[in-house]
Structure formats: C-alpha cells, structure tokens
Amino acid sequence: MKKILLLLTITLLFIGLKMNVHALTYTDQFYIAEVIDGIYYAKEKDGEIEYRKAKFKRRSDDKSIVYCIEPFVDIKEDANYKGYDYDYEKLLNLSKEDWERITLLSYYGYGYDGHIEEKWYPITQLLIWETIDKNAKFYYTNTYKGDKITRFTSEIKELNRLVENHKKLPSFSNEKIEISIDSTIILEDFNQVLNEYEIENYQDLDIEKNDNQLVVTTKNEEKNIKIKLIKKDKKHQNYPIIYVSETYQNILTIGKYETIETQFNIVIGSGSLEITKKDFETNSYIPQGEAQIKGTTYALYDIKNSLIKEIVIDENGKGQLEKLKYGDYKLIEIKSGLGYILDPNEYYFSINKENNSIKLDLTNEVIKSKVKLMKYKK
C-alpha cells in the first residue's frame, strides 16, 4: 500500500511539473539608469501631463533592462520587488491579448535583431504603455517640456508588424497535401514566415527548407505523414517575469515566448493500371482455335517517352501494374499473342489523385487464313 501511495505521489508531482513548468517567484531591486540623449516624451491623462527624458530602467543584480508597466507610478529604487513567472494576466488584471502584446513588444523591441540603437527602448516603452492604459496619451516632444512631435514612425510600424506577425502560420499549415510516390514538389509559404519554423517528424521523406520554401521528395511508398512545424525562442532561456507591488511601479522583464506548434499532412499516393485483353470478334479472353491471348506484351512509357515497364498478359487475359507515380503515360502493344494481329494503336492516359485507377479493355483481331481454290479442266 505504501508503495502504491509513493508511486501516486510521484506521478502527481510529475504531472504538476509538466502542467506548470515555470511557476517560480523572485525577489529583486531596480533602478533608473542612464539617460537616452535627445529623446523626450510626455504622459497625459485626466488633464494632467508629465514630461520625461527617456531613461533606461534596469534590474540591480544583472543590470538587464526592464520595462515599466504602470505608466503613472514611479519605480522605488531601494524596494524589494516580488516577481512571478506565472498567472500574468491575473496578477496584472490584463486581458490575454494585452498581455501577449506587451510581452511581444518587449521581445521584439530594444535588443532584438537590428534593434540595438538606444532609441528602441523608449519606442518599446511607449507602445507598452499605450497597450496597458488606453485612456491615456503618450507622445514625443521636441525638448523637455516641449511641443508634441511625430517621431519614429517607421520604427513603430516595424515593431507593430513583428508583433502582429508573431503567431502567423505558414500558408499550408493544417492542409492535406497529396503527392505522388517518387516525386518532388515545392511548397511555397505565401505568408513568408516559414523561415521562423523548424520541421519535425518527417521520416520516409526528404525535406529541404530554403527560406520560405519546402522542397519535399517522396519515396516509393504510399503513406500519410503528419509534419510538425515548431516556432520556438532561441534568444532567451527564461520566461518573462512580472514584479508586482501595491505601492510601487509594476515591472516587466524580457523573456522567451511560448512555443508555437502547427502541422500539415503529406499524403503520398500512387496509381495502378489494369489491362483486360479480349478477342475482337468474341469479346472474350478465350482465344479462337489455336490462337493465344496469353503472352501479348505491352510497353508503358512516360511523358518523356522513357520505358517504364513491359506488361505481359496472363492466361486470364489480364495484365497489371501497381505503384505508378502520377503523370501522363502512353501504352503500346509490342508483341501480339500467337495467331493475333499486332494492335497498331497507341493508348494515352493520365494518373493523378482524382483518377488513380486506370482500366483498359483492349482487343486483337485473329489472323484469318486465306485459302486459294483452283479449278482444273480434265
């Protein structure tokens, strides 16, 4: 009984860890750091305006940058802040959409690829404030306590684009894509985000990713393969932390985003050809007299006129080929059965996912013997 209880306890603990893999608390201090030259802004709400010089805010122990997430409350530099990496929306009283937006703004803002200039810090901070407090106004000024100006239009547009595209999936996501055996296709991602995803679970396929294209090569086997696409953060090790205080400024650290997963299906198919050979006159696979349908031989060619295989008709008037790749074909009789005239016709057909089982009823005429009668006079 004790062993059962111990096993149950370990199992429940494991499940709990699996369900909440980042549920930690932290204690840290923060400070207002260096001034960012030449950038000024204002915060306006309920008729009150606060003017500011742009300054970095940092965590004391490692000097990493942080963002303020209460626009009209100041940081207390000598206070111990308690931080959490879970229950974000509940602790901040934010919607899931607003929480996701401010974390992605912090992720793609200052320090992201190409965003290493100091200007990106206040650009990110003001966009975070606009998301959190929609009843306030935040804008740049030409000097400290100066006039309102428009700045960083292209940078703001770029940052918003990165955030809006973060959850965009490749255009063929969740689709079923049917491909022939022994063939190669190119899948183009028209959403232009495939380069951000890794590919998993593609045994029995050759897949090469070239930026926003997938080059898929199949083998000679029919299968239904589920391909998983995963977008995961490689820049940060830890999840975002929020530091919450009832009296001081709430604070956000930059962290990794939740992994995004999607999938699509590759259905690998093939076709078949069945020939039924009959006597032209009797419409039966049973030959006339001493003639033979068995042994009639056909040659199958592809669209490039390359020989695929020869097909020999059996004693039941049948000839078959399986696992034919999708494409256009030509069939020619190259050897007639004993006692039959060679069929001079060429037969064309196509195999594809809608028409993958081709059945042809073909006939041959028996060779007629000619008898010459001669009349002699006595």
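Every read-out reported here was derived from the displayed coordinates using simple, explicitly stated rules and does not represent laboratory data. In this text, all values refer to a predicted model and were calculated from it rather than measured experimentally. We place every Cβ from the backbone using ideal geometry, glycine too, and count neighbours over all the protein chains shown.
With distances taken between every two different alpha-carbon atoms, the chain has a Kirkwood hydrodynamic radius of 27.8 Å.
For segment 135-290, the fraction of C-alpha pairs farther apart than 27 angstrom is 56 percent.
Qualifying trypsin sites (Lys or Arg not before Pro) in segment 224-309, where qualification requires a DSSP coil assignment and no more than 12 other C-beta atoms within 10 Å, comprise LYS234, LYS235, LYS304. If you keep only loop residues by DSSP, which GluC sites (Glu not before Pro) in segment 78-180 have at most 14 other Cβ atoms within 10 Å of their Cβ? Hits after loop and neighbour filter: GLU117, GLU175. Taking chymotrypsin sites (Phe, Trp or Tyr not before Pro) in DSSP loop conformation with at most 12 other Cβ atoms inside 10 Å as exposed sites, the chain has its longest uninterrupted site-free stretch at 191-375.
Candidate cross-link partners of LYS304 among the aspartates and glutamates, defined by an alpha-carbon separation under 13 Å and a same-chain spacing of 8 or more, comprise ASP328. Within segment 53-122, the proportion of Cα pairs with more than 18 Å between them is 48 percent. Once divided by 2.2 N^0.38 Å, the Cα radius of gyration of segment 234-282 becomes 3.33.
Evaluate the Kirkwood expression for the hydrodynamic radius of segment 174-221, namely the inverse of the mean inverse distance over all pairs of different C-alpha atoms, and round to one decimal in Å. After inverting the mean inverse Cα-Cα distance, the result is 11.5 Å.
Taking 11 Å as the cut-off, the amide N atoms of segment 118-159 that come nearer than this to a point 7 Å along the Cα-to-beta-carbon line of LYS53 belong to 144.
Only Cα sites of segment 254-351 enter the Debye sum here, all with the same form factor; the resulting log10 I(q)/I(0) across q = 0.22 1/Å is -1.13, listed in q order. For the pair GLU97 and ASP361, the difference between a 0.36 nm per residue extended length and the Cα-Cα distance amounts to 88.7 nm.
When Rg and the Kirkwood Rh are both derived from Cα coordinates, the Rg/Rh ratio for segment 116-206 amounts to 1.23. In order along segment 133-141, the phi-based Karplus estimate (6.51 cos²θ - 1.76 cosθ + 1.60, θ = phi - 60°) of 3J(HN,Hα) comes to 10, 7, 9, 10, 10, 9, 8, 8, 10 Hz; Gly and Pro are listed as x. Relative to the dominant Cα principal axis of the chain, helix 120-132 is inclined by about 90°. Under 19 Å from a label point 7 Å along Cα→Cβ of ASP302: give me every residue in segment 186-228 with its amide N that close. Once the point is set 7 Å along Cα→Cβ of ASP302, 186-187, 205-207, 215-223 turn out to lie under 19 Å by backbone N, inside segment 186-228. Trypsin sites (Lys or Arg not before Pro) within segment 54-83: which are DSSP loop residues with at most 15 other Cβ atoms inside 10 Å? Passing sites in segment 54-83 are LYS63, LYS76.
Segment 173-189 and segment 215-247 have Cα centres spaced 21 Å apart.
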